[in-house]
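Enquirer: Got a structure here, written out as structure tokens. Questions coming.
The values are calculated or read from the model by the stated rules, or taken from the named source; none is laboratory data. Since we're looking at a predicted model, the values are computed, not measured. Using ideal geometry, Cβ is built from the backbone for each residue, glycine included, and neighbour counts are taken over all protein chains shown. Accessible surface areas use protein heavy atoms only, side chains included; no ligands, DNA or RNA. Shrake-Rupley method; radii C 1.70, N 1.55, O 1.52, S 1.80 Å.
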Amino acid sequence: MYRKIQPRQKKFPVLRLFKRQQMWMLTVPGWGIFMTLVASLIGFSFINIHPFLAVTSPVKADILVVEGWIPDYALVQALAEFKKNSYRQLITTGIPLERGFYLAEYNNYAKLAAATLQKLGLEPEKIIVVPSQEVTKDRTYASAIALQQWLENTDLKIEAINLFTHATHARRSWLIFQQALAPKIKVGVIASSPQNYDPNKWWMYSTGVRSVINEVVAYIYALVFSWRA
């Protein structure tokens, strides 16, 4: 006697939205160690981020390049650096003034810084003014390119420069000027000391906090969007 074979019914896959799985979780001592490491990292960053940004790493050079936008007290420091290390020439850079352009006698940061340094006692024949074009962004890069073009057209034999700039701006300026001038010209950097906040306790001053945060973001931007790309 034969048994009738029933056709197999097709099984449709079941849509599963959840599944159970095992997970590793930190224990109470584990969380304690983790939080301690995080706190240590934050503390380390707070202590070292300002020296990292306000870097001073000069090279042997007889040309000092000064970013013209820096405050007057930083120009005083630049002049002291120029006299102390017996530089041959001082070059000021900068874009047109953003305010007071039509009223000021000197309508460019490079010219304004040069005039200020002369007023402070620097001989006019030792100052070279290298202004840059008006730009809406990447002002440091514009100054670096203007300097590069001037160096290519000058009769002076220049193999190295030291860039003098302000506090936390130093790391970014150093990067951008190196990208514009290296490898033909070696670039060192000197950061001025801020007078409106204590660099060792920058997080206690609104000016210090703004300076550090702004320059961290700007430095990362400069790293990601390499000017040589």
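Enquirer: Mind checking Rg over Rh on the chain, alpha carbons, Kirkwood formula for Rh?
Expert: Result: Rg/Rh = 1.36.
Enquirer: Hey, another quick one. Using a probe radius of 1.4 Å on heavy atoms only, what accessible surface per residue do you get for segment 50-152? Whole Å² is fine.
Expert: Accessible area per residue, segment 50-152: 54 Å².
Enquirer: Can you list, bin by bin at 5 Å, the percent of alpha carbon pairs in segment 168-229, starting at 0?
Expert: 3, 17, 22, 21, 16, 11, 7, 2, 0
Enquirer: For residue 118 and residue 184 in the same chain, what is the full-extension length gain: residue separation times 0.36 nm, less their Cα-Cα distance, in nm?
Expert: Gain on stretching residue 118 to residue 184: 20.7 nm.
Enquirer: Enumerate the amide H contacts of residue 128 below 5 Å, restricted to partners 5 or more residues apart or on another chain; note that Pro and chain-start residues carry no placed amide H.
Expert: Amide H neighbours of residue 128, under 5 Å, 5+ apart: 90, 91, 92.
Enquirer: Let me ask you something else. If the label point is 7 Å along Cα→Cβ of residue 154, which residues in segment 92-117 have backbone nitrogen under 12 Å from it?
Expert: Of the residues in segment 92-117, 92-93 have backbone N under 12 Å from the label point off residue 154.
Enquirer: For segment 114-229, what is Rg from Cα atoms divided by 2.2 N^0.38 Å, rounded to two decimals?
Expert: For segment 114-229, the normalised Cα radius of gyration is 1.18.
Enquirer: Got a sec to turn the phi values of segment 184-190 into Karplus ³J(HN,Hα) couplings, 6.51 cos²θ - 1.76 cosθ + 1.60 with θ = phi - 60°, whole Hz, x for Gly and Pro?
Expert: After applying 6.51 cos²θ - 1.76 cosθ + 1.60, I find 5, 10, 7, 10, x, 9, 9 Hz.
Enquirer: Turning to a different aspect of this structure: Longer than 31 Å from Cα to Cα, which of 83/137; 84/184; 111/201; 157/201 are they? Say none if no pair is.
Expert: 83/137; 111/201; 157/201
Enquirer: Using θ = phi - 60° and the Karplus relation 6.51 cos²θ - 1.76 cosθ + 1.60, list the HN-Hα couplings for segment 20-27 in order, rounded to whole Hz, with x at every Gly or Pro.
Expert: Once θ is set to phi - 60°, the couplings for segment 20-27 become 9, 8, 8, 10, 8, 10, 5, 7 Hz.
Enquirer: Same structure again: List the residues whose amide H sits under 5 Å from the amide H of residue 108, counting only those 5 or more places along or on another chain, with H placed 1.01 Å from N in the peptide plane.
Expert: Sorted by chain and number, the residues that satisfy this are 97.
Enquirer: Rounded to the nearest 500, what is the 222 nm mean residue ellipticity of the chain from helices alone, with -39500 (n - 2.57) per DSSP H run of 4+ residues and division by all residues?
Expert: -14000 deg cm²/dmol
Enquirer: OK, next. Could you work out what % of the accessible surface of segment 111-229 is carbon and sulfur, using a 1.4 angstrom probe and leaving DNA, RNA and ligands out of the count?
Expert: 52
Enquirer: A further question on this structure: Using mean Cβ contacts within 10 Å as the protection proxy, how do 71-79, 26-34 order, highest first?
Expert: 71-79, 26-34
Enquirer: Find the eigenvalues of the gyration tensor of the Cα atoms of segment 58-149, then list the square roots of 5 times those eigenvalues as equivalent ellipsoid semi-axes, largest first, in whole angstrom.
Expert: Three semi-axes, in Å: 22, 16, 10.
Enquirer: How do the peptides 37-50, 54-67, 158-171 rank, highest first, by the average count of neighbouring beta carbon atoms within 10 Å per residue?
Expert: Taking the mean over residues of other Cβ atoms within 10 Å, the ranking is 158-171, 54-67, 37-50.
Enquirer: Between residue 17 and residue 209, what is the label-point separation in nm under the 7 Å Cα-to-beta-carbon projection?
Expert: Those two pseudo-labels are separated by 4.4 nm.
Enquirer: A follow-up question, please. By how many degrees, between 0 and 90 and to the nearest 10, does the Cα long axis of helix 109-119 differ from the longest principal axis of the chain?
Expert: The angle comes out at about 40 degrees.
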